[in-house]
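Worksheet: the structure to be examined is printed underneath.
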Amino acid sequence: MSLTDQEIDRIIEMAWEDRTPFEAIHFQFNLSEQDVIDLMRRELKEKSWKRWRKRVQGRKTKHVKLRSDGVQRHKSSRQKQITGNRISKRT
């Protein structure tokens, strides 16, 4: 699967967000958790990669099955609106 630079940037942004689960990335970009990990390893500097992996490992909010029942949304209220895989400007 070939991704544009804009799509790669968006995937990296979603991967860094605490409340965006890997399932949301899979739904939008059809990438598995392992695909996201591989993309992050390839695109980030080594120190950033290690920081991201340490942050994500074991984090309940990154996996829908591990979340508490009270967490129902995939995005924070401050996240940009997304329509059809395109990021629209926040007003």
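No value in this document is a laboratory result; all are computed from the given coordinates. All figures in this text were calculated on a predicted structure; none of them were measured in a lab.
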Aspartates and glutamates within cross-link reach of Lys45: Cα-Cα under 16 Å, excluding same-chain residues under 8 positions apart?
Asp9, Glu13
Under the 0.36 nm per residue contour assumption, what length would be gained going from the current alpha-carbon distance of Gln6 and Arg53 to full extension?
14.7 nm
